[in-house]
Amino acid sequence: MTAQTLPAGDQAVAAPAIELANAARWYGNVVAVNDVSFSLGAGVTGLLGPNGAGKTTLLHMLAGFLAPSAGTVHVLGRSPHRDPSVYRQIGLVPERESVYAFLTGYEYVRFNARLQGMRNADSAARASIARVGLEDAADRAIGTYSKGMRQRVKVAGALVHDPQVLLLDEPFNGMDPRQRLSMMDLLVEMAGAGRTILFSSHILEEVERIGTEILVLVAGRLAASGDFRAIRALMTDRPHTITIRSSDDRRLATTLMADPAVFAVELKENALSVQTAHLSAFRRIIATAGRTAGVRLTEVVPADESLESVFDYLVRR
């Protein structure tokens, strides 16, 4: 299943930036990633899964650190493993600390620019540091940085060569709310400029704030991919809960209970909680039910259509 859908006019010419086909990686008898297939184009995609699901292994295969034990992994049409030409198009922010404490932020980012063969390494480093809002601390030793600042300087190092593909493993760890929002805005901006961004996070609110496209790994397998709202709509074995407010909730509840699309109605303080297994049918009948009951509908909102609901379902089923 393709997690990003290209505009109709571009489908014939734009190849996926990231493409896995039956990719697997194992360590001895331990299978970390098992038969995973997906493709991604430009945009932001959240990589989700419980601890030990294989998220970091997947990112390391995409970054070229690990070769797949089976299947294929392609970035920009080529295998990234041991291919420096692909590395120049990839930016990686690892979860683990990967910076020398004695280097200043500027020195660290400039070092990354020089590794990428950039002729203007000095100016590129300053520009990248400014992008993540670390100008005031650029000439301080990284050992004096807070956790959030160290995360931001790692992002600056990953962005310095303006990569086409950005891979981030728990990039918001340690950042305060303002820093998180600023970093999220930066990722959205880059995606809008045509970059492909895949980031892992254990905080669902972060993923939901940036976009709707997700990949969910469970025990090394891809449990779902695509728009989480579309995935929720396909979960037909789990009832949908709708919160309704009206001018007369009690009268509306009586009318709704007579409809076969509704199998549970709970009268709460200032609202109705309605459960249905047929969301599309319920959307068609709710306005009619309001007219039949002679009440005015003031609010009809899904109560469990969030990313958290989808993730919980996929992980626990």
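All of the numbers you see were taken from the coordinates with simple rules; none came from a lab. Quantities reported herein were computed from a predicted structural model and do not represent experimental measurements. No Cβ is skipped: glycine too gets one built from the backbone with ideal geometry, and neighbour counts run over all protein chains shown.
Can you tell me the FRET efficiency between ALA101 and ARG209 if r is taken as the Cβ-Cβ distance and R0 is 41 Å, rounded to the nearest 0.05?
0.85
For the stretch 264-294 and the stretch 178-237, what is the separation of their C-alpha centers, rounded to whole Å?
30 Å
Could you give the distance between the Cα centres of the stretch 88-111 and the stretch 32-62, to the whole Å?
So the two Cα centres are separated by 22 Å.
Could you identify which residue out of SER98, SER280, SER79 has the top mean-square fluctuation in a GNM of the chain using Cα springs shorter than 10 Å?
It is SER280.
With Cα extents along the principal axes in Å in mind, check [x] 75, 43, 35; [y] 61, 48, 34; [z] 73, 45, 43 and report the label derived from this structure.
So the calculated entry is the one marked [z].
If packing is taken as the mean number of other Cβ atoms within 10 Å per residue, what is the order of 225-232, 294-301, highest first?
225-232, 294-301
Can you compute the radius of gyration and Dmax for the stretch 56-132, using only the Cα atoms, both in Å?
14.3, 42
Can you put VAL86, VAL99 in order, fewest other beta carbons within 10 Å first?
Ranking VAL86, VAL99 by Cβ neighbours within 10 Å, fewest first, gives VAL99, VAL86.
Could you work out the local net charge near ALA264, counting Lys and Arg as +1, Asp and Glu as -1, over the other residues with Cβ closer than 14 Å to its Cβ?
My count for the surroundings of ALA264 gives -1.
So who's got an amide H within less than 5 Å of the one on ARG221, skipping anything under 5 residues away but keeping other chains? H placed 1.01 Å off N, in plane.
Under 5 Å from the amide H of ARG221: ASN34.
Sorting GLU208, GLU135 on the 10 Å Cβ count, fewest up front, what's the list?
Starting with the residue having the fewest Cβ neighbours, the order is GLU135, GLU208.
If one takes the longest principal axis of the Cα atoms in the chain, at what angle in degrees, from 0 to 90 and to the nearest 10, does the Cα axis of helix 279-293 lie?
40 degrees
Among ALA219, ALA287, ALA63, whose mean-square fluctuation peaks in a Gaussian network model of the chain (Cα, cutoff 10 Å)?
Result for the chain, Cα springs under 10 Å: ALA287 fluctuates most.
Pop out the Kirkwood hydrodynamic radius of the stretch 235-316 from its pairwise C-alpha distances, inverse of mean 1/r, in Å to one decimal.
Computed over the stretch 235-316, the radius equals 13.0 Å.
Apply the Karplus curve 6.51 cos²θ - 1.76 cosθ + 1.60, θ = phi - 60°, to the phi angles in the stretch 16-33 and return the couplings in whole Hz, x for Gly and Pro.
Values per residue, Gly and Pro as x: x, 6, 10, 8, 10, 10, 6, 6, 9, 8, 10, 10, x, 8, 9, 9, 8, 10 Hz.
Report the one residue of TYR313, HIS81, ILE203 whose Cα lies farthest in the direction of the positive end of the charge dipole of the chain (charges on C-beta: Lys and Arg +1, Asp and Glu -1; origin at the Cα centre).
It is HIS81.
Can you order the peptides 271-277, 141-147 by their average number of other Cβ atoms within 10 Å per residue, highest first?
271-277, 141-147
On a full-extension model of 0.36 nm per residue, what is the gain between ALA67 and ALA230, subtracting their alpha-carbon distance, rounded to one decimal in nm?
55.4 nm
Using just the helices of the chain, give the 222 nm mean residue ellipticity in deg cm²/dmol: DSSP H runs with n ≥ 4 each add -39,500 (n - 2.57), and the total is spread over all residues, rounded to 500.
-10500 deg cm²/dmol
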